Structure formats: C-alpha cells, structure tokens
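Novice: Take this structure, written in structure tokens, and hold onto it; I'll ask about it next.
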Amino acid sequence: MTQTVDLSQVLEARERRVYRQQALIEQYGLPLVSFSMNIAGPIKNSPLIRRGFLLGKRTLLTQLKLFGIAVIHQEQTDAVTGCEGLFVADAKPERVKRITGAIEDHAPLGRLYDMDVIGADGAKLERPEPRRCLICGQPARECARSRAHSVEELQGATRTMLMTALNDDDAQTAARLATQALLYEVCVTPKPGLVDRWNNGSHRDMDIYSFMSSAAALWPYFETCVKIGRKTAHQPAPQTLSALRWHGVQAECDMLRATGGVNTHKGAVYSMGLLCGALGRLNREQWTEPLAVLTETAAMARGSVERELRGVTDETASTAGQRFFALYGVTGVRGEAEKGFPTVLAYGLPVLEAGLSQGKTPDEAGAAALLALLAHTADTNMIARGGMKRQGEIRAKIEAMLRAAPYPAKETVQQLDEAFMADNLSPGGSADLLSLCWMLHFLREARI
Amino acid sequence: MEIKQPAVAGTLESSDCMVTVEPGQGEIELDLDSVVIRQYGRQIRKVIHETLDRLDVKNARVTVVDKGALDCTIKARVECAVYRSNGIKDNLPWGGVIK
C-alpha cells in the first residue's frame, strides 16, 4: 500500500507533469494550477497522504468557486510518485496565485501543498515570500539543499501534521453533521407530540428555541466524542464508551445550562455521542456505510444492558430506563444501542432516504421516518407518559396506518399531533432515533 | 560522448533543475543560474563538471537553471540531457554507465 520510490521515478514523474502542464496550456490558452504534495523521503503516497491531497483539492476548488473563477478542465494522478492535480482556471494568473498562495500559507496542511500557478505564457508565477522549512522555519530551499534535517525527522513532522489536520477535519465534520441532524429532527413539522416549528407538542417547558440552544451547546461534545473514539480506536470498543462517559455527563450539564435547566437532548447525548465515538474509531471512508457505523456503535455499547440494568428492581431503579426494565423488561436506549439501533437501519433510515430521493420534503420524509420508528420501538418516553399498554396500542395503530400509506399526508400527521397532545404523549425516544437517521443520511452524502 | 544535437532534461519545479546541452565550440561552456548560487554555486558547478567528465563530454554548451536541486538530482538531469542529445530517449540507463 505504501511503496517507496527511487530518484529516477520522482524525476520522471516531474518531467511528465511539466509535459502535461505544457500540453494543457497549449490546448486551452489559460493559466493552470499544478497541485502536488510536498513530501520528503522515498514514500510519496499513502492513504494518509492521499486524504491530505483530497482535502487540499477540496479547499482549492471551493476557494476558486468562491472567487468566481471557473475551472475549465481538471485531471488527477494517483501514483506511487504521489498525488497530483492539474486545474485549468479561467482568470488572470495573478488572481489565481493570490488564492493558492493564501491556501499554502494559511490552510492547516498548507505547508504540505505545492500549488504552482503557470501562466498562459508557460511561466511559473513566483511567490512573494520564499517557503519556510516545516521543521525550523528557515527558507525551505536552503534546508532542503543542505539536508539540514534527516528524512526521518521530516517524515515524522509531515505525519504529525497530516494526522492532526485530518483528525481535526473528521471531528469537525462529524460534530457539524451531528448538530445539523439534531436541528433537522426538531424542525421536522408536523410531528406527533414533539416540539416542532408549529407547536411545543406535549411539552410545556421547552420550545424550538430550547432545542436550537441545546444543539449548539452540544457541538463541542460531539467533536470530543470523535476525538476520543480516534484516540481509543486500538482498544476494545467498550473502552471508548468508558472514556466518553464523563464527557457525556458534562454535555448534559452544558445542555441544561443552555436551555435554562430543561432536558431537551438527554437521549441524544447518549446515542449521538456513542455514534460520534464510533465514527472516531472508524476510518473516514467507512462513514458512508450505515451498517459499519452502527455495528461499531453496537460494539461500543456491548454489555451495557447487563452492566446497568441487570439486577435492578422497581425499588432500586434510579432512572426511568431502569424502572421500565424492572417493570416490563424494556431495555430502552441501551438495548437499542447494544443491538446497533436495528430500527434505525431497518425502518427509519430507509424510509427517510427513500422519501427524500422520491422528492418528498424533509418534513414529509422526516415525519414518515419518525412514525416508522415509533411503530417499531418500545419508546420509553411513550411508556413514561402513557403507560405500557397505551404505548402498545398506539404503535399498532400507527403500524396499520403506515401499511396503508407509508408517507402519511400532512393533515394525517397533524391530527396525530393533536391526539398526542390531548393525551399528553411524546415519542422522545423515537425522536432521538430520527436524529440518528438524519446523521447517517448526512454522513452518506458528505464528501471527503 | 559527443553532444550531437540540443537536448533538455529536468523541470523548473522546486528542488529540481533544468539542464540544456548544445554542441559546443571546442570546450565546456557552463552557464549556471541557481536560487542557492551564493551558498552552493561552486558545489553545483563541480557536480556538473564531474558528471560531464565521467560521460567523456569535452565539447558542449551547458545551461543549468537550478531551483534548489540536490547533487544527485543535478547529476541525473545532466546525464539525461546528454543521453537525449545522443538520441537515447527511453529507458535511460540511470546510473548505469556512470557510477
């Protein structure tokens, strides 16, 4: 996977690249960006280096787009001699150079990027300032020429830089999507008994603003979960859950502080935090596979039902989840997590994604997914408010309703909302599962 | 080796150099431009002359534009330019003749 190259291969690759540059300039008569990675030593490509390159390519393309510069043609090479990209840009070369220069100077991996700009006349534009050595900060070409630093030292510094930047990007991306998932969940309207954009459902102490404050407050927690997952990735999965526990408690504190003491996202702190930890344990490439993500989540939660519920009696139960286990044997969110959230995979996510791809709005697809989850989950919030029997009746009723119409009309959901409010019912557990569905959907859509 | 026709090897990318060889007027005429000429000009000239010597090139006009290449790169680019001048385009015997 990570092959070494010798000098002749490197020199040949460089000549070939310049040959392609000249051919493209001749063909298009426009400036071009030649992007390659600045990697010392005989290993010029690896999964880590490739991801660094892709991050740089994304930065380059989005920045050119932001400044209104059209990329007329692009091509990419992924060889043992390294990753390279050529981008023909329809703009004055000086403008392009200002953008690539800023990326080289300011992006987290900028020091590893070589983004040369070659004008339509074939001349390479020079940087205003010489590049600095990534070890000592002296002009790079002097350190390179004098071999001031050993290859091992340079490789170490490069690897650290890549790992740090890519782990940060992973954690930030996951946290952003997790927060987005919580916000999408609360915004799905109408939803039976839950806070949405129209009403507060069966809740008196919270509204959509409480949820927005809470979701924003949880962003750093989700980032922490991914980082802890990454750090404990080589340990058995349940170790990651143990390492997350204190941060989960603190996240609940942050939630209460943000909402003025209301429990908006307690379930999400657990289940979304767990999922973010699993993302940290996995490679970014696996994030687009819901089964892989949920399997890892399940591995982390392994043993938690046994540990936290077994032996609990009605008298010793300290949480609602423990009481329902003692009374009815319902394992709640811990049981769901341990099984890898099977209703998410079997009902919620397929309904959500099929709906969206059929052109349903997020409201329609989201409500249908919520109802599908509700029909197939022993939702402890429903049990807490309506009792076990009533919860069962409602599930059966909704299941029958979905059999007739898997994507119920807005009016139907609205009637259900009114009925839930009349009975003071709220499917909070299913709402947390809906957030997971949104998250898995966003992960599938997110590009590296 | 004789320099029969003009030939080029290398690029103007950083840590590389571009070497042009042309038929000379009875001697080695070297034109060097380097981003590190103050610190390494003498060393670069030495590497170029040694490489030409080993290839038995006695009569050539050699132009080198250096962007901070290491000695091994300079040597390889000079060799390549000389071989190309002799019509050898593919499978260049890197380090073959010259130890």
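Novice: Where does chain A land at 222 nm, in deg cm²/dmol rounded to the nearest 500, when only DSSP H runs of n ≥ 4 count, each adding -39500 (n - 2.57), divided by all residues?
Specialist: -20500 deg cm²/dmol
Novice: Between beta-carbons, use under 14 Å as the cut-off and find the net charge around A:D207, counting Lys and Arg +1, Asp and Glu -1.
Specialist: Values: positive: A:K191, A:R197, A:R204; negative: A:D196, A:D205.
Residues near A:D207 contribute +1 overall.
Novice: Residues of A:115-128, mean number of Cβ from any other protein chain within 10 Å of their own Cβ, rounded to a whole number? Intermediate values should be presented prior to the final figure.
Specialist: Values: counts 0, 3, 0, 1, 0, 0, 0, 1, 1, 5, 0, 0, 1, 0.
Across the residues of A:115-128, the mean count of other-chain Cβ atoms within 10 Å is 1.
Novice: On a 23 Å Cα-Cα criterion, which of the cross-link pairs A:K124/B:K67; B:K46/B:K67; A:K360/A:K410; B:K4/B:K58; A:K44/A:K65 come out too long? Display every interim value, and only then the final one.
Specialist: On the way: A:K124/B:K67 12 Å; B:K46/B:K67 17 Å; A:K360/A:K410 12 Å; B:K4/B:K58 12 Å; A:K44/A:K65 29 Å.
Going by Cα-Cα distance, A:K44/A:K65 fall outside the 23 Å limit.
Novice: Right, another one. Hey, could you grab the Kirkwood Rh for chain A? Inverse mean 1/r over distinct alpha carbon pairs, Å, one decimal. Mind showing how you got there, number by number?
Specialist: Numbers: mean 1/r = 0.0406 Å⁻¹.
Averaging 1/r across every pair of different Cα atoms and inverting gives 24.6 Å.
Novice: Quick one: net charge of A:F87's neighbours, Cβ under 10 Å, K/R +1, D/E -1? Show your work: numbers first, answer last.
Specialist: Values: positive: A:K57; negative: A:E75.
Result for the neighbourhood of A:F87: 0.
Novice: Same structure again: Relative to 2.2 N^0.38 Å, what does the C-alpha radius of gyration of the range A:90-161 come to as a ratio? Two decimals please. Provide the component values of the computation, followed by the final result.
Specialist: Values: Rg = 13.9 Å, N = 72, 2.2 N^0.38 = 11.2 Å.
The range A:90-161 yields a ratio of 1.25.
Novice: Kirkwood hydrodynamic radius, computed over distinct alpha-carbon pairs, for the range A:61-100: how many Å, to one decimal? Walk me through the numbers on the way to the answer.
Specialist: Numbers: mean 1/r = 0.0905 Å⁻¹.
With all distinct Cα pairs of the range A:61-100 included, I get 11.0 Å.
Novice: Moving on to the next point. GNM on chain A, C-alpha springs below 10 Å: top fluctuator among A:Q286, A:Q239, A:Q138?
Specialist: In this elastic network of chain A, the residue with the biggest mean-square fluctuation among A:Q286, A:Q239, A:Q138 is A:Q138.
Novice: So how tilted is helix A:47-66 from the main axis of chain A? Cα-based, degrees 0 to 90, rounded to 10.
Specialist: Roughly 90 degrees, rounded to the nearest 10.
Novice: While we're on this one: Hey, what D do you get for the range B:1-49 in µm²/s if you plug the Kirkwood alpha-carbon radius into Stokes-Einstein at 10 °C and 1.306 mPa s?
Specialist: Working: Rh = 12.2 Å.
So the translational diffusion coefficient is about 130 µm²/s.
Novice: While we're here: In a shell of Cβ-Cβ distance under 13 Å around A:G303, excluding A:G303 itself, what net charge do Lys and Arg (+1) and Asp and Glu (-1) give?
Specialist: Working: positive: A:R302, A:R307, A:R310, A:R334, A:K339; negative: A:E306, A:E308, A:E338.
Taking every Cβ under 13 Å from that of A:G303, the sum is +2.
Novice: Right, here's the next one. When only C-alpha pairs under 8 Å and at least 6 residues apart count, what is the relative contact order of the range B:7-85, in percent? Could you put the intermediate results ahead of the total?
Specialist: Working: 148 pairs, mean separation 38.8, N = 79.
In percent, rounded to a whole number, it is 49.
Novice: Against the 2.2 N^0.38 Å scaling, with N counting residues, where does the range A:7-131 land? I'd like the Cα-based Rg ratio to two decimal places. Don't jump to the answer; show the numbers that get you there.
Specialist: On the way: Rg = 13.6 Å, N = 125, 2.2 N^0.38 = 13.8 Å.
Taking the Cα Rg and dividing by 2.2 N^0.38 Å, one obtains 0.99.
Novice: Before anything else, pin down the relative contact order of the range A:167-445: Cα pairs under 8 Å, at least 6 apart, normalised by residue count, whole percent. Working shown, then result.
Specialist: On the way: 472 pairs, mean separation 70.3, N = 279.
Normalised by residue count, the contact order of the range A:167-445 is 25 percent.
Novice: Further question: Taking only the alpha carbons of chain B, what extent do you get along each of the three principal axes, in Å, biggest first?
Specialist: So the three principal-axis extents are 32, 30, 23 Å.
Novice: Once each part is reduced to its C-alpha centroid, what is the distance from the range A:389-409 to the range A:227-253 in angstrom?
Specialist: Each part's Cα centre sits 37 Å from the other's.
Novice: Any idea what diffusion coefficient the range A:281-335 gets from Stokes-Einstein, in µm²/s, Kirkwood Rh on alpha carbon pairs, 37 °C, 0.692 mPa s? Could the numbers behind the result be given before it?
Specialist: Values: Rh = 12.6 Å.
It comes out at roughly 260 µm²/s.
Novice: Here are some pairs, A:K57/A:K231; A:K191/A:K389; A:K97/A:K231; A:K231/A:K339; A:K227/A:K266; A:K266/A:K389; which of them have Cα atoms lying more than 32 Å apart in this structure?
Specialist: Values: A:K57/A:K231 27 Å; A:K191/A:K389 22 Å; A:K97/A:K231 38 Å; A:K231/A:K339 24 Å; A:K227/A:K266 21 Å; A:K266/A:K389 25 Å.
Flagged as over cut-off: A:K97/A:K231.
Novice: The range A:336-448: Rg/Rh from Cα coordinates, Kirkwood Rh? Could the numbers behind the result be given before it?
Specialist: On the way: Rg = 13.8 Å, Rh = 14.3 Å.
Value, to two decimals: 0.97.
Novice: Semi-axes of the equivalent ellipsoid for the range A:151-250, please: Cα gyration tensor eigenvalues, times 5, square-rooted, ordered largest first, whole Å.
Specialist: On the way: eigenvalues 276, 49, 19 Å².
After scaling each eigenvalue by five and taking roots: 37, 16, 10 Å.
Novice: Oh, and also: Once you keep just the Cα pairs under 8 angstrom separated by 6 or more residues, what percentage relative contact order results for the range A:203-295?
Specialist: Details: 107 pairs, mean separation 36.3, N = 93.
This gives 39 percent for the range A:203-295.
Novice: Next question. Helix A:410-422 against the longest principal axis of chain A: what's the angle in degrees, Cα atoms only, rounded to the nearest 10?
Specialist: The helix A:410-422 is inclined about 50 degrees to chain A.
Novice: Something else now. Given all pairs of different Cα atoms, what value in angstroms does the Kirkwood hydrodynamic radius of the range A:227-344 take?
Specialist: Details: mean 1/r = 0.0668 Å⁻¹.
That comes to 15.0 Å for the range A:227-344.
Novice: Sort A:265-271, A:369-375 by packing, meaning the average of other beta carbons within 10 Å per residue, with the highest value first.
Specialist: Values: A:265-271: 24.6, A:369-375: 27.4.
So the order, starting with the most tightly packed, is A:369-375, A:265-271.
Novice: State the Cα centre-to-centre distance between the range A:68-92 and the range A:322-385 in whole Å.
Specialist: 45
Only the coordinates and a few stated rules stand behind these numbers; no lab work does. Keep in mind it's a predicted model, so treat the numbers as computed, not measured. Here Cβ is always computed from backbone atoms with ideal geometry, including for glycine, and neighbour counts include all displayed protein chains.
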